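Here is the structure we will look at.
The values are calculated or read from the model by the stated rules, or taken from the named source; none is laboratory data. Computed from a predicted structure; not experimentally measured. Virtual Cβ from ideal backbone geometry, glycine too; neighbours counted across all protein chains shown. Only protein heavy atoms, including side chains, enter the accessible area calculation; ligands, DNA and RNA are left aside. Shrake-Rupley method; radii C 1.70, N 1.55, O 1.52, S 1.80 Å.
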Amino acid sequence: GAATRDNHPALKLMPRLMLAWPDRLSVYSHPSCGTEKTTIRFEDIAYIQLERFLADCSLIVFTRRGILNIPFHGRDEEYVGFFLAHIQQRLLAIFKLAALLSEHQAFGPEPSYKFAQIESILKVDPEEVVTRFFVSPREVVKSRPFRQEHSWTFGSEVVLTRHELYVFSDEKDGYRQPYGFRASWAPLFNIEEIGLGDTPQSIAIHLRSNCSLDVPVPTDLLGEAKNFVLFVRGQIRSCRS
């Protein structure tokens with residue numbers, strides 16, 4: 001079962017059944033929900049996102065035709081994780097590329113404890129990691145009349161393994177959330193290009209189905225970001241040749 005939202009201020013859990021066929025994903029809702037069956041072909045999936053902010057969680061599938069958002073309660077995360085792992089393995093089997101063979105290279109600072117834990121929760125195999133780029137959260141101080149305002153920018157991380165791409169963040173609704181994270185995942189096959197964006201300054205990862213993932217880059221890490229982009233671009237091209 002999963003959950004959905006309506007106009008009520010509280011989160012209402014609605015029963016849903018998700019089925020994985022050889023070539024597609026089907027989502028059935030209880031008739032009381034008033035929604036019809038949704039079917040997504042695996043070949044249309046650009047990337048999958050898992051959000052976990054305390055008990056408020058969502059599994060989100062991004063496709064060329066739109067977005068399927070399936071909220072669920074945190075207590076169901078284990079079961080959703082099993083299902084997500086099955087979908088990931090199916091996508092890797094359908095969109096298979098030669099594994100990246102480069103030795104590990106890291107760009108930017110070492111991941112913080114929180115982001116290392118995110119990798120562990122998502123079961124990212126350290127032996128499979130080819131490269132990563134990490135941007136740590138930063139405190140921002142703004143001077144106001146008679147006072148100073150303190151806030152934090154959110155942290156981000158890009159992890160490239162021999163078969164997959166992960167983008168992690170602790171941003172939600174434009175703010176850093178200490179208790180939660182967002183994890184985006186895509187098979188290497190779905191990466192069409194990677195480069196640097198100007199406004200805002202970021203690493204821009206372009207995926208199939210006109211989807212993209214952006215990771216903000218502070219000015220002092222721009223040089224590392226450029227090296228990271230060149231390295232990843234070369235790795236992607238090598239596995240396609």
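Observations
- The number of residues in region 51-70 being within 16 Å of the chain's Cα centre (by Cα) and either open to solvent by 40 Å² or more (accessible area, probe 1.4 Å) or farther than 18 Å from Ser26 by Cβ (or both) comes to 7.
- Condition check for Ala99: touching a Ser or Thr at 6+ places or on another chain (Cβ under 7 Å), aliphatic (A, V, I, L, M), closer than 20 Å to Ile205 by Cα and surrounded by fewer than 18 Cβ atoms within 10 Å (Cβ to Cβ): no
- Test result for Phe107, over 14 Å from Ile45 (Cβ atoms) and surrounded by fewer than 14 Cβ atoms within 10 Å (Cβ to Cβ): no
- Matching residues, region 203-228, being open to solvent by less than 40 Å² (accessible area, probe 1.4 Å), within 12 Å of Phe134 (Cβ to Cβ) and assigned to a helix (DSSP H, G or I): Leu221, Ala225, Phe228
- Condition check for Ser169: modelled with pLDDT of 95 or more and open to solvent by 10 Å² or more (accessible area, probe 1.4 Å): yes
- Here Ser212 fulfils each of the conditions (1) under 13 Å from the mean Cα position of the chain (by Cα); (2) touching a residue at least 60 places away in the same chain (Cβ under 8 Å); (3) farther than 17 Å from Ala116 by Cα apart from (2).
- Criterion: touching a Pro at 6+ places or on another chain (Cβ under 8 Å) and small (Gly, Ala, Ser) - qualifying residue of Ser212, Ser156, Ser151: Ser156
- Residue among Leu196, Leu188 that alone is within 16 Å of the chain's Cα centre (by Cα), more than 15 Å from Phe115 (Cβ to Cβ) and modelled with pLDDT of 90 or more: Leu188
- Total residues in region 122-152, condition farther than 16 Å from Ile203 by Cα and without any contact (Cβ under 8 Å) to a residue 40 or more places away in the chain: 21
- When Ala183 is tested against (1) more than 25 Å from Ile40 (Cβ to Cβ); (2) buried (at least 18 other Cβ atoms within 10 Å of the Cβ), just one condition goes unmet, and that condition is (1).
- When the criteria are applied in full, Pro178 fails the requirement of being surrounded by 20 or more Cβ atoms within 10 Å (Cβ to Cβ) and in a loop (DSSP other than H, G, I, E, B).
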